[in-house]
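Student: This structure is in structure tokens; I'll ask about it shortly.
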Amino acid sequence: MQTETLALNKQETFRLADKTVTELFKKLEDAGIPYAILGNYERFPYFERDVDIAISLSEIEKLKDVLIYVTSELGWDLLLSAHINDTKDASDTINFVFYNYDPFLIFQMDVAYCYDFCKLPVLTTSNLLNDRYKHKFIKFSYLNPLKENFIYLLKIRRHVARIISSSFKTAYTESLKKYCYKKIRYYRKKIVNFCELSSNEKKLKQLLGKKLGIFGVLALNSLKGSNLYTFYFFMLFATAYFLVINFFKTPFKTLLAVKHEINLAVNKHSAYVPKHVMKICAKKENKKILMLNFLEDLLKRDYIIAWSVKQNSKTTMLTEAIISAANGRVIEWIDIPSEEAFDISNINSKDEIARKILPFLFPCHGRIYEKTYQ
């Protein structure tokens, strides 16, 4: 009898992730590889879906060796990598994604060389690592809380921009906005708690003033007052200030950054229209339902932000009769198998779907490790 592993209790499936985090950071500490966890470490080794770290580009190959060792030792099925270099912030990033099929689990490590703002470095590798903290009792290092909260403020700016840009209503954008509001509440709470100590607030305002001018300080004041639109208004001026300051340092890169910002403003809706089509052969309706149930489980587990089903919809530019979107990926159902399509006609469980489909729902530039089966 096949087991539907996605229905397993969250606590049971996250045990593997907790073991992975513990072993991974122990190995990094033992190897003397400098890194810093960028946030959400208070419940270490528990991280809900992913862990973000900063590390020098020169240490990436050593990190990969550690990742492969931990993946193999703990029995993960698959380790993928993706180099993300086209996002608005934190652009110099590699995502490492762990997959386990039975019990089903996805866990991700996002590795940043620096932290970018408008495609320009606002915190370099040395900025992130030179004054990192080490936990007194557990083997892991984490970012200076001052810089951690500075990054949280930049993340809030990004999420508010997403909310404003996705003003037109679709199932995808509505789910995206709920996700953004959830993250904003979390980051704002962290910043407010940090600023309860007046010396912390003073240091944060000094850092904001240095990087984003007086507008960054005003944005912080608005954020503490829960006024997101005023916060975003001041962050627009802070962005302009940041770009002007950087123009005198790196004019060519800054002009490219300005072009990028203009393109985002002009084509703001296009970022929320799924562009990548994945063809799936599902001859029978029950196979389509199995696939949609699989996506529903991923959504409930927060592995994807949103998915939607549309039939003959006038709100989409796509012409497929039925489509499903997951993280901007669109599934087009076809009835006849082809070389470019995934055939799930003979698949009978979500485990099988996970093995065949899941790696293609997420950006992937390479398989670093794959378990061999006897």
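Student: Among the residues of region 96-119, is there at least one that is surrounded by 20 or more Cβ atoms within 10 Å (Cβ to Cβ), at pLDDT 90 or above, of a type in the set (S, T, N, Q) and not in a helix (DSSP H, G or I)?
Tutor: no
Student: Just to check your reading of the model, which residue among G209, G213 is on the phi > 0 side of the Ramachandran plot and of a type outside the set (S, T, N, Q)?
Tutor: Exactly one of G209, G213 is on the phi > 0 side of the Ramachandran plot and of a type outside the set (S, T, N, Q), namely G213.
Student: Let me ask something else about it. Starting from residues that are of a type in the set (A, V, I, L, M) and in contact with an Asp or Glu (Cβ under 9 Å, 6 or more places away or on another chain), keep the ones in region 67-79 and report whichever is modelled with the highest pLDDT.
Tutor: V70
Student: What residue, among those in region 184-211 that are crowded, with 16+ Cβ neighbours inside 10 Å and of a type in the set (A, V, I, L, M, F, W, C), is nearest to the chain's Cα centre (by Cα)?
Tutor: Per the criteria, the residue is I184.
Student: Same structure again: Can you name the number of the only condition in (1) at pLDDT 85 or above; (2) out of contact with any Leu (no Cβ under 6 Å at 6 or more places or on another chain) that R301 fails?
Tutor: Of everything listed in (1) at pLDDT 85 or above; (2) out of contact with any Leu (no Cβ under 6 Å at 6 or more places or on another chain), R301 misses just condition (1).
Student: How many residues are surrounded by fewer than 19 Cβ atoms within 10 Å (Cβ to Cβ), touching a helix residue (DSSP H, G or I) at 6+ places or on another chain (Cβ under 7 Å) and not small (G, A, S) when one looks only at region 212-227?
Tutor: Looking only at that region, the number is 2.
Student: Let me ask something else about it. Of the residues V266, V277, only one is modelled with pLDDT under 95, under 26 Å from Y181 (Cβ atoms) and not aromatic (F, W, Y); which?
Tutor: Unique residue meeting the criteria: V266.
Student: Something else now. Looking at region 331-347, which of its residues are farther than 10 Å from K279 by Cβ and small (G, A, S)?
Tutor: Answer for region 331-347, where residues must be farther than 10 Å from K279 by Cβ and small (G, A, S): just S345.
Residue by residue, here is whether (1) under 30 Å from I191 (Cβ atoms); (2) of a type in the set (A, V, I, L, M); (3) modelled with pLDDT under 90; (4) not in a helix (DSSP H, G or I) holds:
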position	(1), (2), (3), (4)
T3	no, no, yes, yes
R15	no, no, yes, no
E23	no, no, no, no
L28	yes, yes, no, no
P45	yes, no, no, yes
A54	yes, yes, no, yes
I60	no, yes, no, no
K64	no, no, no, no
A82	yes, yes, yes, yes
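Student: For region 246-257, indicate whether the set of residues that are assigned to a helix (DSSP H, G or I), modelled with pLDDT under 95 and β-branched (V, I, T) is non-empty.
Tutor: Scanning region 246-257 turns up at least one residue that is assigned to a helix (DSSP H, G or I), modelled with pLDDT under 95 and β-branched (V, I, T).
The values are calculated or read from the model by the stated rules, or taken from the named source; none is laboratory data. Quick caveat: nothing in here was measured; it's all calculated off a predicted structure. Cβ: placed from backbone, ideal geometry, glycine included. Neighbour counts: every protein chain shown.
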